[in-house]
Amino acid sequence: MTTTASPVVVAVDGPAGSGKSSVSRAAARELGYDFLDTGAAYRGLAWHALDAGIDLDDADAVRGLLAAFDYRVVPAPGGAHVSVGGADVTEAIREPRVTAVVSSVARVPEVRVALNDVFRRLIRETPSPGIVVEGRDITTVVAPDAQVRILLTADEEVRIARRAAELTPDQAATARQLAERDKADAKVVDFLTAADGVTTLDSTHLNFAETIQAVVDLVHDTVGDPTEDGGAL
Ligand SMILES: Nc1ncnc2c1ncn2[C@@H]1O[C@H](COP(=O)(O)OP(=O)(O)O)[C@@H](O)[C@H]1O
Ligand SMILES: Nc1ccn([C@@H]2O[C@H](COP(=O)(O)OP(=O)(O)O)[C@@H](O)[C@H]2O)c(=O)n1
């Protein structure tokens, strides 16, 4: 038996608060797959830009950070840790000051090309039989040949309510920020309509467990369920 087969790639895109990272992480665990949160790398670069004190609107200055951008994902039992230049930024990249500027680095084309190379390497090098990769342009740009391609959506009010429940007591501010970030991001990549061959999964009326199950079912329908007779063992 050979173990050198390419990993099964499950690509998940969608707007902020649709459940991409939490659902993808849980589905990956259930499938025994690896998990890659591509937004964390964009956040890592935004953190790095703030740390370096550069003007986020200066695309040349942002481009200038790429050559020395040392981004690492270190697997850990409670969830992967991410580091930039040796500093553990797992928590820091979730801070509102980073969220507020991440779209500015994500809109620079050279940033996207450089990070896409990193993502494709991480996908290739996964030691797992599969990997769930989530972001905005995974189904269309990073891994258009993924075996399973999902656009995870939910109505905006529901996404805002989910985000507000976890983040901040100021629902109005959360709503404004989420809508503004989606608007800025949507100018760069279209993650609001499913490309050809991409399955739309609308979680507006699904609870968390039901959404995870829908992803797992889609994977099993496509690549088989190894726990069933005749599965790919
Ligand atoms: N189907 C669902 N039902 C209820 N809550 C959900 C559902 N999907 C995700 N959530 C919750 O919504 C919040 C936002 O999810 P998250 O994974 O951070 O979204 P994204 O990565 O798309 O921004 C999290 O608190 C998550 O637990
Ligand atoms: N594949 C990706 C992933 C994230 N991003 C950018 O990175 C930011 C943070 O992504 P994220 O997935 O952590 O954001 P949330 O949807 O979890 O709030 C997004 O707002 C985009 O600007 C991107 O441009 N392309």
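The values are calculated or read from the model by the stated rules, or taken from the named source; none is laboratory data. Predicted model, so just to flag it, every value in this text is computed and none were measured. Because the Cβ atoms are built from the backbone with ideal geometry, glycine has one as well, and the counts that use them run over all protein chains shown.
Taken together, Val74, Val102 contain a single residue that is β-branched (Val, Ile, Thr) and either loosely packed, with under 14 Cβ neighbours inside 10 Å or assigned by the TED database to the domain that holds Thr140 (or both), which is Val74. The stretch 19-102 holds helices (runs of 4 or more DSSP H) entirely within its bounds, and those carrying 3 or more residues that are closer than 30 Å to Val223 by Cα and under 15 Å from the mean Cα position of the chain (by Cα) map to 20-31, 38-52. Just so you know, in the stretch 31-58 the residues that are more than 16 Å from ligand 1 (Cβ to nearest atom) and closer than 23 Å to Thr174 by Cβ include one that is surrounded by the most Cβ atoms within 10 Å (Cβ to Cβ), and it is Trp47. Ile93 meets all of the listed conditions (1) assigned by the TED database to the domain that holds Ala61; (2) within 14 Å of ligand 1 (Cβ to nearest atom); (3) over 22 Å from Leu36 (Cα atoms) but one, namely (3). One residue alone among Thr222, Thr200 is modelled with pLDDT of 95 or more and outside any loop (DSSP other than H, G, I, E, B), and that residue is Thr200. Is it the case that some residue within the stretch 170-177 is surrounded by 20 or more Cβ atoms within 10 Å (Cβ to Cβ) and in a helix (DSSP H, G or I)? Yes, the conditions are met somewhere in the stretch 170-177.
Taken over the stretch 129-169, residues that are surrounded by fewer than 21 Cβ atoms within 10 Å (Cβ to Cβ) and either among the polar types (S, T, N, Q) or part of a loop (DSSP other than H, G, I, E, B) (or both) amount to 9. Residues that are buried (at least 24 other Cβ atoms within 10 Å of the Cβ) and more than 13 Å from ligand 1 (Cβ to nearest atom) within the stretch 10-30 comprise Val10, Ala11, listed in sequence order.
Just to be sure before I move on: is Val111 modelled with pLDDT of 95 or more, crowded, with 17+ Cβ neighbours inside 10 Å and more than 13 Å from the chain's Cα centre (by Cα) in the structure I sent? In short, yes.
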